[in-house]
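Structure first, commentary second.
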Amino acid sequence: SGRASKELSPGTFYAAAMAVFFLFFTVQFGVIGLIQEKEGGTMPRLLAAPMRASSILLGKVITAFLLGVMSMTVLVVVTTLLPFMDAQWGNSIGVAVLIVAGTLAAMGVMMLVAAFARTAETAGSIQAIIAFVLGMLGGAFFPISQVGGFLGTLSLVTPHYWFLRGLGDLAGGGGPIDVVPEAGYILAFAGITAGLAMLRLRKAVT
């Protein structure tokens, strides 16, 4: 990034880490709805209506995206306004870029799980485990990247690490351009997971 990444204040780090951690739980509601409809027998009725399978998928995807972005936005506003949190998120447009990228990454992972899970209950359990592991490796609980070694390297795979690093760039006075590398990685992660999921989900729906 163009600016030096700055260590986030405790209030900002806690708010951001919890936001990106719970984001992976928030977006699952839109995606797991697909499995629930299949289990409840409403999917055949939806497919009997004059609409494409891709339209049904798109509706779930949009729901998950809106849930993720709205929950993150509310959290940013609340933690900024609360005196005891005193979170300083930095440049608003830069934060928005990271939020959109992070939401898409969370959706990609959750969709991939939902694509292979047979029941909504199984999907929820697997998603919880993955969300926890990614959160832990990505530094949502403590900065594991500073530990170094294998775990430090593994943290670089997670969108959480890049989200928090992007916020560090914004805290250092950076703008939207400075978070492009971090957002780019997060979006690449989202693209790979979502692409694999969509291929599988399309087959499952049809």
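The values are calculated or read from the model by the stated rules, or taken from the named source; none is laboratory data. Nothing here was measured: the structure is a model prediction, and the numbers come from that model. Cβ sites come from the backbone with ideal geometry, for glycine too, and all protein chains shown count toward neighbours. Surface areas here come from the heavy atoms of the whole protein model, side chains and all, with no ligands, DNA or RNA. Shrake-Rupley method; radii C 1.70, N 1.55, O 1.52, S 1.80 Å.
Only one of the listed residues (E121, E182) is of a type in the set (D, E) and modelled with pLDDT of 90 or more. That residue is E182. Summed over segment 77-95, residues that are aliphatic (A, V, I, L, M) and without any contact (Cβ under 8 Å) to a residue 60 or more places away in the chain total 4. Looking only at segment 126-171, residues that are open to solvent by 50 Å² or more (accessible area, probe 1.4 Å) and polar (S, T, N, Q) come to 2 in all. Mind listing whichever residues of segment 50-79 are at pLDDT 80 or above and either surrounded by 16 or more Cβ atoms within 10 Å (Cβ to Cβ) or among the aromatic types (F, W, Y) (or both)? Residues satisfying the conditions are V61, A64, F65, L67, G68, V69, S71, M72, L75, V76, T79.
Considering segment 166-181 alone, what residues qualify as being in contact with a Ser or Thr (Cβ under 7 Å, 6 or more places away or on another chain) and within 25 Å of M111 (Cα to Cα)? P181 - this is the single residue of segment 166-181 that is in contact with a Ser or Thr (Cβ under 7 Å, 6 or more places away or on another chain) and within 25 Å of M111 (Cα to Cα). Given the structure, is A188 modelled with pLDDT under 90, within 13 Å of the chain's Cα centre (by Cα) and not aromatic (F, W, Y)? No, not satisfied. Starting from residues that are of a type in the set (V, I, T) and farther than 30 Å from A96 by Cβ, keep the ones in segment 1-49 and report whichever is modelled with the highest pLDDT. Taking the candidates together, the pick is I35. When I99 is tested against the conditions (1) closer than 14 Å to F24 by Cα; (2) without any contact (Cβ under 8 Å) to a residue 40 or more places away in the chain; (3) open to solvent by 20 Å² or more (accessible area, probe 1.4 Å), the lone failure is (3).
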